[in-house]
Amino acid sequence: MFETLQPAPADKILALIGLYRNDPRPGKVDLGVGVYKDIDGRTPVMRAVREAEKRLLASQDTKTYLGLAGDTGFNAAMINLAFGDKADHSRIRAAQAPGGSGALRLVAELLQRARPGATVWLSDPTWPNHPPVMRAAGLEVRNYPYFDAASGAVRFDEMLATLRTANSGDVVLLHGCCH
């Protein structure tokens with residue numbers, strides 16, 4: 001049954017982990033996959049996270065199934081954080097997901113059901129797993145210019161010019177990031 005499956009292409013971002021491990025230089029900093037690592041390469045649990053976990057455990061009164069959207073109280077708080085406490089919750093939906101790629105796949109499936117074959121615009125550069133996740137859900141992928149590594153600047157005018165060519169109903173994936 002699995003003999004026809006081809007291995008997924010290597011993820012360039014994740015390949016950086018191996019390069020980092022094999023780099024003998026002292027003082028190196030691993031910024032590859034969005035987690036902080038100390039000088040010894042450990043990913044410590046931050047004090048704020050430990051405190052949040054304690055508070056959650058102390059206030060938790062059940063381990064029951066949360067439903068498809070996850071913790072609705074958490075979701076409402078995240079909507080307020082992202083959109084402000086005056087956000088019109090009747091126009092915004094939130095759901096918890098098992099990490100970034102899982103969230104992306106869920107939204108891709110939702111888009112495919114709501115608008116079969118929709119076009120999704122991804123930044124260039126983007127994470128290498130984003131285009132195949134969107135395509136696997138049956139969506140068309142196009143790119144808009146975003147970051148110029150040589151200058152270290154956002155290609156803002158080019159980005160807007162490209163996005164002006166998007167059609168009504170197209171979806172644009174924007175990353176909140178620290179480039």
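Since every read-out is calculated from the coordinates, none of them should be taken as a lab result. A quick note: this is a predicted structure, and the numbers were derived from the prediction, not measured. All Cβ positions, glycine included, derive from the backbone under ideal geometry; neighbour counts span all protein chains shown.
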(request) Please give, to one decimal in nm, the separation of the simple spin-label points placed at E3 and F83, each 7 Å out from Cα toward the Cβ. (result) 5.2
(message) Just to verify a number: FRET efficiency for A149 and M46, C-beta to C-beta distance, R0 = 41 Å, to 0.05?
(response) 0.90
(request) Using Cα pairs closer than 8 Å and at least 6 residues apart in sequence, work out the relative contact order for the chain, in percent. (result) 14
(request) Please work out how much length the chain gains when fully extended from N22 to R93, using 0.36 nm per residue of separation minus the C-alpha to C-alpha distance, in nm with one decimal. (result) 21.2 nm
(request) For n ≥ 4 DSSP H runs only, could you compute -39500 (n - 2.57) per run for the chain, divide by its residues and tell me the 222 nm figure to the nearest 500? (result) -11000 deg cm²/dmol
(message) On a straight-distance basis, which aspartates and glutamates could pair with K37 in a cross-link, Cα separation under 16 angstrom, same-chain partners fewer than 8 positions away excluded?
(response) D23
(message) Just to be sure I understand: if I project the alpha-carbon convex hull of the stretch 8-61 onto a plane and average over all orientations, what area do I get in nm²?
(response) 6.0
(message) Skipping prolines and chain starts, which residues have an amide H placed within reach, meaning under 5 Å, of the one on W121, given they are 5 or more residues away or on another chain?
(response) R142, V171, V172, L173
(message) Quick check on the chain: what are the equivalent-ellipsoid semi-axes from the Cα gyration tensor, as sqrt(5λ), descending, whole Å?
(response) 28, 27, 20
(request) Starting from the Cα gyration tensor of the stretch 1-107, take the square roots of the eigenvalues, sort them a ≥ b ≥ c, and report rounded, prolate or oblate (rounded when a/c is under 1.5, otherwise prolate if a/b is larger than b/c, else oblate). (result) oblate
(request) Within the set of other residues whose C-beta is less than 11 Å from the C-beta of R142, count the net charge using Lys and Arg as +1 and Asp and Glu as -1. (result) -3
(request) Quick one: which residues, 5 or more positions from F147 or on another chain, have an amide H under 5 Å from its amide H? H modelled 1.01 Å from N in the peptide plane, none for Pro or chain starts. (result) D124, R155
(request) Please find, in a Gaussian network model of the chain (springs between Cα atoms separated by less than 10 Å), the residue of D85, D157, D71 whose mean-square fluctuation is greatest. (result) D85
(request) Determine the percent antiparallel among the DSSP beta bridges restricted to the chain, to the nearest 5. (result) 20
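At most 11 other Cβ atoms within 10 Å plus a DSSP loop assignment makes a site exposed; report the longest stretch of the chain without any exposed chymotrypsin sites (Phe, Trp or Tyr not before Pro).
My reading of the result: 66-179 is the longest stretch.
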(message) List residues of the stretch 140-167, by number, whose backbone nitrogen lies under 13 Å from a label position 7 Å along Cα→C-beta of L173.
(response) 140-144
(request) Please list, in chain and number order, the residues 5+ apart from L139 or on another chain whose amide H is under 5 Å from its amide H, with Hs placed from the backbone. (result) none
